[in-house]
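Worksheet: the structure to be examined is printed underneath.
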Amino acid sequence: MKMLRIILVFLSFSMEIHVEAEWVTLLNQAALIQYPADCVEVCGYKTFPLRKYTIEEGKRKITLGSDTIILKKASEIYAFVSGEALFKGVVAIELPVGMLKVEDEKSLIYVSKRDDKYLVRTLLGAVKVEPKGAAKGVEIPQGYENTISGVIVNGFAEVGFPISIDANEMIYKWASMYDGSKKQFAAEVAVFKEIHARARNEISQVYTEISERMIASHNEQMEKEKIRREKDRRERAALQRMYERKVMGLE
Amino acid sequence: MFSLGLMIFLFVAFTSFKNHFSGLRETKEMLTHTQTLLEQEKIKSSIAYYELENMRQNVAMVLPKSTISKDYPVRMLASVSRDSLKKPLEGFSSTAAFNNAKKQFRDKNYKKSNALFADIIRTYKYSIHLPEAYFLLVEGLYQVSDYEKCLKELNVMIDQFPENELTGFGMIRMGQIFEKRERLDEAKSIYTSVLHSFENKELKKQAQFLLDKIDL
C-alpha cells in the first residue's frame, strides 16, 4: 500500500512536468515568420518574442533580435521597421528618416529603434548616413554610435553627435544575438574592444576641445556682457543727467 | 509485484494514448496556426505604419519650403516653427515703441511723444520701461503746459512707483505747478515729502532750494 502511494505521487509529478514542457514548446515553435509566406523578391521578416534569427545571403548576415521586423526591398536593400538587428557585410538599410549604407564586407553594424529615434552603432567598419532632406551625408566611423531622428523644421532629418559605443550594453546585446561559438565571439569582442578604446580616446579629445571652446566662448560672452552693461550704465547716467538738467534747471 | 507491474503498464499505456484521445495535438496545431496569423498581422500593421512614417517624413521634408506661399492651412501647420514668421513680432515689442517715443521727446516733438507714451502705458502694462514712460509723459505734458493732465498722470505715478527716483523728479514738477497756481502750502508739502522720501542728493538739494525759495 505504501508502495502504491509513492508510485501515485511520482506519477502525478511526472504528468505535471510533462504538460508544462509541452506548453513551452508550443509557444516557441518558430523563430522567424515571413510575409507573404511564399515571397521571393519583397519579403517582410519578423522574429517571435524572446527569439533571434540569422538570415544569410552569400557573405551578408543579418541577425534579427527579439520581436524585430525588417523588410527586404531588393537584393541589397532592407528597410528596418522595428526592434534591433545586426547587419554584417555590404548592405543598404532604409529608415523613414534616411538611408544607411555599408560598403565594407567586414562591417558589422547594429541598428535599433528607440522611441522616435534610430540608433546606429558601428562595431566594425564605418557606415554612411544619408539623412532625409540633407544635401550632404555624414559618416559614423567604427566604434561610434549616433542617433537619427525625424525631419525638423529646417527640412532635413536630424543626426545627433557621435559618441563612443556604450560597450557594456552592446556586448551584452551582441552576446544574446550571436549565433557562433563562444571562442569565436570572444575573439570578435577582443577586436571590438580595441576599436572601442581608440574611439573613446578620440571622442575624449573631441570633448576636451569642445569644452575648451565652450569655456572660451562663455568668457567672451561674459566680456561682451560686461561691455554691454557698462554701455547701458553710461547711457542711463547720461539720461539721468538730462532729466536733472531739465527738472533742476527748470527748463 | 503484479500490482506494480500493472501500474507501470497502465501508466505507459496512459501516456501513449493520452495525446491520441485528448485532442491536444489538434489544439496545439490550431494555436500555432493562430499565432502565425497573429504575427503575420503584426508584420502587416508594422509595415503599414513604417510606410506612413516614411510618408510623414517626406511631407515634413517639403513642408517648410511650401510655407513661403500664402496658402493658409499649410502656413498654419508650420507657423509654430517658422523663424521668418516670428520676425515681424519684433516691431511690436515695448522697447522698440519706447525708443521711438523717446526719440520724439528728444527732438522736442512733445505732442507726438505724449501720444506715443500714453499708448505705451496703455498697451504694455508690464513693461520695464513703464516708470520712465510715465515720467517722460509727465515731462512732455508739462512742456506743452497741459498741467491738469500732468497732475493726473503724476498721481498715478506716485501710486504705482512711489519709490522710483523718477517719481521724485515728477513730484518736483508737481510742486512747480502748484507754485504757478499760488498754492504754496501744497507745493511746500510736496518738496518736504521729496526731501524725506528720496536718497538722491541732487533731488534733495533741489527740493531744499525750492522750499527755501518759498519760505523767503
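Which of the strands (runs of 3 or more DSSP E) found entirely inside segment A:5-70 contain at least 3 residues meeting this: open to solvent by 50 Å² or more (accessible area, probe 1.4 Å) and modelled with pLDDT of 70 or more? I'd like the intermediate steps shown before the answer.
On the way: elements: A:32-35, A:43-47, A:53-57, A:60-64.
The strands (runs of 3 or more DSSP E) meeting that bar are A:53-57.
If the condition is being within 19 Å of the chain's Cα centre (by Cα) and either hydroxyl-bearing (Ser, Thr, Tyr) or within 14 Å of another protein chain (Cβ to nearest Cβ) (or both), then segment A:48-76 contributes A:THR63, A:LEU64, A:SER66, A:ASP67, A:THR68, A:ILE69, A:ILE70, A:LEU71.
Within segment B:168-201, the set of residues being closer than 19 Å to B:MET157 by Cα, open to solvent by 70 Å² or more (accessible area, probe 1.4 Å) and not in a helix (DSSP H, G or I) comprises just one member, B:GLU199. Residues satisfying the criterion are absent from segment B:202-214 (criterion: part of a loop (DSSP other than H, G, I, E, B), within 40 Å of the chain's Cα centre (by Cα) and not acidic (Asp, Glu)).
Here A:LEU123 clears all of (1) of a type in the set (A, V, I, L, M); (2) without any contact (Cβ under 8 Å) to a residue 60 or more places away in the chain; (3) outside any loop (DSSP other than H, G, I, E, B) except the condition numbered (2).
Please indicate, with yes or no, whether at least one residue in segment A:139-152 is polar (S, T, N, Q), under 26 Å from A:GLY89 (Cα atoms) and in contact with a helix residue (DSSP H, G or I) (Cβ under 9 Å, 6 or more places away or on another chain). Spell out how you get there, then give the answer.
So in segment A:139-152, the residues polar (S, T, N, Q) come out as A:142, A:146-147, A:149.
Then keep just the ones that are under 26 Å from A:GLY89 (Cα atoms); that gives A:142, A:146-147, A:149.
If we keep only those that are in contact with a helix residue (DSSP H, G or I) (Cβ under 9 Å, 6 or more places away or on another chain) too, we end up with A:142.
Among the residues of segment A:139-152, at least one is polar (S, T, N, Q), under 26 Å from A:GLY89 (Cα atoms) and in contact with a helix residue (DSSP H, G or I) (Cβ under 9 Å, 6 or more places away or on another chain), which makes the answer yes.
Taking the numbered list (1) more than 13 Å from chain B (Cβ to nearest Cβ); (2) open to solvent by 50 Å² or more (accessible area, probe 1.4 Å) in turn, A:GLY125 passes all entries but (2). Taken over segment A:102-120, residues that are farther than 14 Å from A:TRP174 by Cβ and among the polar types (S, T, N, Q) amount to 1. Looking only at residues in segment A:128-151 that are within 12 Å of another protein chain (Cβ to nearest Cβ) and touching a Pro at 6+ places or on another chain (Cβ under 9 Å), the one that is least open to solvent (accessible area, probe 1.4 Å) is A:ILE148. Do we find a residue being without any contact (Cβ under 8 Å) to a residue 12 or more places away in the chain, within 14 Å of chain B (Cβ to nearest Cβ) and surrounded by 11 or more Cβ atoms within 10 Å (Cβ to Cβ) anywhere in segment A:182-196? Taking every residue of segment A:182-196 in turn, none turns out to be without any contact (Cβ under 8 Å) to a residue 12 or more places away in the chain, within 14 Å of chain B (Cβ to nearest Cβ) and surrounded by 11 or more Cβ atoms within 10 Å (Cβ to Cβ).
The values are calculated or read from the model by the stated rules, or taken from the named source; none is laboratory data. Computed from a predicted structure; not experimentally measured. No Cβ is skipped: glycine too gets one built from the backbone with ideal geometry, and neighbour counts run over all protein chains shown. In case anyone asks, the SASA skips ligands and DNA or RNA and just uses the protein heavy atoms, side chains included. Shrake-Rupley method; radii C 1.70, N 1.55, O 1.52, S 1.80 Å.
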